[in-house]
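Below is one structure, written out as structure tokens; the observations come after it.
Read-outs throughout are calculated quantities, based only on the coordinates presented, and are distinct from any laboratory measurement. All values reported here derive from a predicted model rather than from experimental measurement. Cβ placement follows ideal geometry from the backbone for every residue including glycine, while neighbour counts extend to all protein chains displayed.
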Amino acid sequence: MGTTGRLIVFEGGEGSGKSTQLRLLADALASAGIAHRCLREPGGTPLGAEVRRLLLEREWEMDARAEALLFMASRAQLVARELRPALTGGEHVLLDRFFLSTYAYQIGGRGLPEAEVRAANALATAGLVPDLTLLLSFPAAEGLARAAERSSAHDRMEREGEAFHQRVAKSFDAFASPDWQRAHPECGPIVLIEAAGRERDVAKRVRSALEMRWPGTFPQIEASDD
């Protein structure tokens, strides 16, 4: 491993298990003594935490453009204050959501113009490209049901209707296409991970994707049989 850390993003729809798989990888890195940092979007900074509250916890209607720009504001602060310093310092960063979620939710779900959202994202990220995005694939309806079991308090995104979440899921599916990735170089490499099945089986798929990209670099991910 060089002196620069790697940015590994976990993406997927509601209830896809991305946060669980991120935690499992973080536990494996901690056990192996590998420097890393876990962050999420929106969030990761005091400004980002406040934006998260505005976006997900408040009960108000929000224009789709305002929503997208709030995500971008949180992202710009996260890139400047956390991501670049950590990566430059040699830490791996495990990030729960990044701009693929914006493309899925705001372009796919809300119907905002792709060119304008991509331009705003370029400003927010200042050219930062993920080293790898692990895109967890899970049926939208089952994911929402899983999220409901996890918590009875749905955030503003989770409360959107089924049609919205189906559009989001369709967008996430498109991101795994090599043609889509070639047309969106700012996203870096994306690997589709089948998220159905036991936690440990999904963890093995995550491990295989990491091993294929960086042989011998990342430790074995342990997961329960539940």
## Note on the structure
The long-range amide H neighbours of Val93, using H built 1.01 Å from N in the peptide plane and a cut-off of under 5 Å, are Arg6, Leu7, Ile8, Arg37
#### Entry: Within the chain: Cβ-based charge dipole about Cα centre, in debye rounded to nearest 20 (Lys, Arg +1; Asp, Glu -1)
480
### Task
Could I have the simple spin-label model distance between Ala176 and Asp201, label points 7 Å from Cα toward Cβ, reported in nm to one decimal?
1.5
### Query
Taking the Cβ-Cβ separation of Ile34 and Glu142 as r and a Förster radius of 22 Å, what is the calculated FRET efficiency to the nearest 0.05?
0.10
### Message
With viscosity set to 1.002 mPa s at 20 °C, what whole-number translational diffusion coefficient in µm²/s follows for the stretch 7-213 from Stokes-Einstein and a Kirkwood radius over Cα pairs?
### Response
124
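Using Cα-Cα distances under 8 Å and only pairs 6 or more residues apart, what relative contact order does the stretch 21-132 have, in percent?
32
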